[in-house]
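A.B. asks: Let me give you the structure first, and then I'll get to my questions.
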Amino acid sequence: MLPRADLETLRRHLRSTVLSQQSILFEAGDTIAKAYFPYSGAVSLAVVLSGGQMIETAIVGKHGVVGGSAALDAQPASCRAIVQLEGAAWAIDMELLRQIAKSHPAIRSLLNWHEWVLLAQTQQAVACNASHALEARLCCWLLRASDACGKTILSTTQDSVAEILGVRRTSISLVAHNMQQAGYIRTRRGQTEILNMEALRQGACECYGKTALHYDRLLSAAGPRLNEVQIA
């Protein structure tokens, strides 16, 4: 989406790094040292409660950036960033990204748009957790995770999914078993394979469509504005 000159400026400073499953990129309150642009795998942004429970508020994959807000305002992290699906990312030193964003309006504008999308995703997650049935929420999460990493085989455990959805593992096991019997998914040790994407879409709550719409708006609205910024 960036003009070529801005993209090349950014590309020169990116370094590939492995995203190991369950590794923590930063905690709430940390000074964020690096930003990550995943090109495989997915990272959960999560709130950790005093009792140790970890609830996912957003998931970032190949369409996004983890830690981009710190390039705009240098504030400490507001949540935990934990690798939910292993993969890899382009990483950049935060101070360097901050300097680039200051001198390249198109990059700064895109970071701002992405933070708006993450905020919208977080707000949708709050409403979803409070109002929707677990099966619909699980369908929604599987779809978002698949979109984030670009795969239909997700390397994650039922324990992890139960934690990020804020429910008991036994509840996830029962719902996943029913979905497997219906032919939606196939579960194996440490893996969930999506077999019927359309069935998941029909079973998901409205939150999946609304979250996807936020990314569509980012693509359709931010692109022309970036070009206008570059021309100006």
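A.B. asks: Which chymotrypsin sites (Phe, Trp or Tyr not before Pro) does region 1-103 hold that lie in a coil by DSSP with at most 16 other beta carbons within 10 Å?
C.D. replies: Counting only loop positions with at most 16 other Cβ atoms within 10 Å, none of the chymotrypsin sites (Phe, Trp or Tyr not before Pro) in region 1-103 qualifies.
A.B. asks: Further question on the same structure: Between region 1-79 and region 91-161, how far is it from one alpha carbon centroid to the other, in angstrom?
C.D. replies: For region 1-79 versus region 91-161, the Cα centre distance is 9 Å.
A.B. asks: Something else about it: For region 85-191, what is the convex hull (Cα atoms) projected area averaged across all directions, in square nanometres?
C.D. replies: If you wrap the Cα atoms of region 85-191 in a convex hull and average its projections, you get 8.3 nm².
A.B. asks: Counting only heavy atoms of the protein chains, get the accessible area per residue of the chain (1.4 Å probe) and round it to a whole Å² value.
C.D. replies: 50 Å²
A.B. asks: How high is the FRET efficiency from R12 to A33, r the C-beta distance, R0 22 Å, rounded to 0.05?
C.D. replies: That gives a FRET efficiency of 0.70.
A.B. asks: Using a basic spin-label model with each label point 7 Å from the Cα along Cα→Cβ, how many nm lie between D216 and A130?
C.D. replies: 2.6 nm
A.B. asks: Further question: Pop out the carbon and sulfur fraction of the accessible area of the chain as a percent, whole number, probe 1.4 Å.
C.D. replies: That fraction is 51 percent.
A.B. asks: Right, something else. If the only charges are +1 at each Lys and Arg Cβ and -1 at each Asp and Glu Cβ, what is the size of the charge dipole of the chain around the Cα centre, to the nearest 20 debye?
C.D. replies: Result for the chain is approximately 300 debye, rounded to the nearest 20.
A.B. asks: What is the spin-label model distance, in nm, from D73 to Q99 if the labels are put 7 Å beyond Cα along the C-beta direction?
C.D. replies: Taking the two extended label points, one gets 2.4 nm.
A.B. asks: Rank I100, I185, A81 by how far each Cα sits towards the positive end of the charge dipole of the chain (+1 on Lys, Arg Cβ; -1 on Asp, Glu Cβ) and give me just the farthest.
C.D. replies: The residue sitting most towards the positive pole is I185.
A.B. asks: Here's a follow-up. Between A182 and I24, take the C-beta separation as r, use R0 = 41 Å, and let me know the FRET efficiency to the nearest 0.05.
C.D. replies: The value I calculate is 0.70.
A.B. asks: Moving on to the next point. For the chain, I need the span (max minus min coordinate) of the C-alpha atoms along each principal axis, in Å, sorted largest to smallest.
C.D. replies: Principal axes ranked by extent give 56, 35, 30 Å for the Cα atoms.
A.B. asks: Which lysines have a Cα lying under 25 Å from the Cα of K210, excluding residues fewer than 8 positions away in the same chain?
C.D. replies: K62, K151
A.B. asks: For the chain, build the charge dipole from Cβ charges (+1 Lys, Arg; -1 Asp, Glu) around the Cα centre, then report which of M54, L14, H214 sits farthest towards its positive end.
C.D. replies: L14
A.B. asks: What percentages make up the Cα-Cα pair-distance distribution of region 1-98 when the bins are 10 Å wide from 0?
C.D. replies: Taking all Cα pairs of region 1-98, the binned fractions are 17, 48, 29, 5, 1 percent.
The values are calculated or read from the model by the stated rules, or taken from the named source; none is laboratory data. Bear in mind the structure is a predicted one, so any value in this text is a computation, not a measurement. Reconstructed Cβ throughout: ideal geometry from the backbone, glycine too, with neighbour counts over all protein chains shown. In case anyone asks, the SASA skips ligands and DNA or RNA and just uses the protein heavy atoms, side chains included. Shrake-Rupley method; radii C 1.70, N 1.55, O 1.52, S 1.80 Å.
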